[in-house]
1. Which order do 165, 21, 299 take when ranked by solvent-accessible area (1.4 Å probe, heavy atoms of all protein chains), largest first?
2. What are the ³J(HN,Hα) values, in whole Hz, obtained from phi via the Karplus relation 6.51 cos²θ - 1.76 cosθ + 1.60 with θ = phi - 60°, for each residue of the stretch 144-156 in sequence order, with x given for Gly and Pro?
3. Ranked from the most accessible area to the least, with a 1.4 Å probe and all protein chains present, what is the order of 342, 25, 296?
4. For residue 156, what accessible area in Å² do you get when you roll a 1.4 Å probe over the heavy atoms of the protein chains, rounding to the nearest 10?
5. Mind grabbing the accessible area of residue 85 for me, 1.4 Å probe, Å², rounded to tens?
6. Rank 59, 365 by accessible area, highest first, at a 1.4 Å probe radius?
7. Just to confirm, what accessible area per residue do you get for the stretch 275-332 at 1.4 Å probe, in whole Å²?
8. Tally Lys and Arg at +1 and Asp and Glu at -1 over the other residues with C-beta under 15 Å from the C-beta of residue 421: what net charge comes out?
Amino acid sequence: MTVAEERAAGQLIPEEGTGGILGREYRALTLGVVSVVLLVAFEATAVSTAMPIAARDLHGLGLYAFGFSGYFTTSLLAMVISGQWSDRSGPLAPLTAGIAAFAAGLVVSGTAGTMTTFVLGRAVQGFGGGLVIVALYVVVGLAYPVRLRPSVMASFSASWVVPSIVGPLVSGTVTEQLGWRWVFLAIPVLVVLPLAVMLPALRRTVAAPGHDVGPRPGMDGRRIWLAVALAAGAVLLQYAGQDLRLLSVLPALAGAALLVPAARRLLPPGTFLAARGLPTVVLMRGLAAGTFAAAETFIPLMLVTQRGLSATMAGLSLAGGGLTWALGSYLQARPRFQPARERLVQIGMVLTAAAIAAVPLTLDHAVPVWIVAAAWCLAGMGMGMAISTLTVLMMGMSAPRDAGTNSAALQVSDALANVVLVAAAGTVFAALGGGSLAPSATSAATVPAHPAAFAAVFLPAAALALAAAAVALRLRPTPAT
């Protein structure tokens with residue numbers, strides 16, 4: 001099908017043009033979306049650095065994983081809402097609402113007096129993040145021509161470089177000098193830039209002639225209720241995993257009864273069977289993101305409690321991953337790799353698996369701790385190649401009228417895998433004694449060691465990432481599709 005035929009069929013809206021993403025036509029839009037990604041990136045790197053200290057001070061190490069999985073749980077609901085909202089009225093409204101909720105959640109966590117309130121704040125923040133990320137993907141799919149989409153995704157990855165390097169240093173310094181609360185309370189200030197300056201530019205660009213996708217569908221109430229069931233099921237599974245008693249089987253079964261059918265209906269048919277094309281793209285996004293998150297969630301805690309690193313140094317150990325993630329995304333954007341996108345995903349997952357498997361080596365104090373930093377550079381490279389490529393493949397398989405729904409499916413798979421795998425890791429961690437770590441009044445370095453709990457988190461994550469490399473063989477659609 002030619003470009004003209006695709007546009008007439010409603011499968012390609014933006015004119016191709018000749019400029020780049022920073023050319024006159026797209027400059028304002030690019031600066032707008034990149035500024036929002038910068039906000040999310042700085043928050044993620046800063047919070048990961050401060051989280052071990054926050055959990056210790058709030059006497060909530062047993063709920064440590066909930067600080068992350070709570071974010072992903074509410075984002076599941078928000079992603080479906082954002083996809084429906086974007087398809088109905090465009091992406092700007094959910095984008096604005098998401099940024100506001102994101103900031104509100106940070107304030108709640110920053111003022112929390114208990115770990116339960118802290119997790120609640122993270123849940124509010126996750127709802128805002130879910131609205132934002134789907135709306136951003138819809139903006140990219142609707143406003144940029146096909147040839148520029150890999151470059152846009154590369155710019156998203158590049159937006160993580162400075163926060164990945166500066167974020168842990170700033171967050172660690174603030175945590176040690178002023179307290180972890182200021183890491184959360186200071187970040188909402190960054191919301192002012194995209195709201196006051198960039199969103200008007202986004203509004204003008206997306207509303208310009210040529211970006212109208214025609215009649216839009218209404219909100220699908222059935223999908224919203226499915227998303228509610230999905231989030232509720234995730235909460236029940238997390239609760240059951242944290243409360244390791246025989247009676248916990250009941251909420252676990254109830255959670256599975258809600259989550260599994262809802263996920264099957266919210267994701268493209270054949271996703272869990274790795275059907276060729278879009279279903280496998282969506283499945284792979286979850287496998288890639290979930291294995292990476294399950295490992296990264298526990299790396300700072302391992303370095304602080306097992307190797308005696310400060311919060312700053314533990315966070316900086318992950319900083320190189322942001323730089324190499326951007327490099328991997330840059331490589332996938334090169335035109336020469338266009339015919340080999342499926343192979344890029346495979347290579348990326350193999351690199352990620354090897355990196356995660358290397359992390360628990362540092363549980364042996366004879367192994368230098370810099371191994372973690374080197375391994376995470378390798379993991380970042382793999383994820384940059386895989387995640388950006390999967391997003392580009394999804395956009396190429398989506399008509400404008402389905403852009404919101406398919407973007408939401410991709411993000412739901414991402415968040416669902418994060419919830420399930422991080423919660424599973426937290427359950428194993430708590431079962432093996434990790435959650436019983438005693439809080440320290442002076443330094444986290446004096447906390448008793450539980451190396452087996454950490455090894456039981458990292459090694460299964462590495463195995464699953466390696467298995468995902470084999471699933472990637474089914475990314476390419478059949479000729480009939």
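The values are calculated or read from the model by the stated rules, or taken from the named source; none is laboratory data. Predicted, not measured: the structure shown is a model, and the values here were computed from it. Cβ: placed from backbone, ideal geometry, glycine included. Neighbour counts: every protein chain shown. Please note that ligands, DNA and RNA were not included when accessible areas were found on the heavy atoms of the full protein model with its side chains. Shrake-Rupley method; radii C 1.70, N 1.55, O 1.52, S 1.80 Å.
1. 165, 21, 299
2. 9, x, 4, 5, 9, 5, x, 5, 5, 5, 5, 5, 4
3. Details: 342 30, 25 115, 296 55 Å².
From most exposed to least exposed: 25, 296, 342.
4. 20
5. Answer for residue 85: close to 80 Å² accessible.
6. Details: 59 145, 365 120 Å².
Largest accessible area first, the residues go 59, 365.
7. Working: 1300 Å² over 58 residues.
Per residue, the stretch 275-332 has an accessible area of 22 Å².
8. -1
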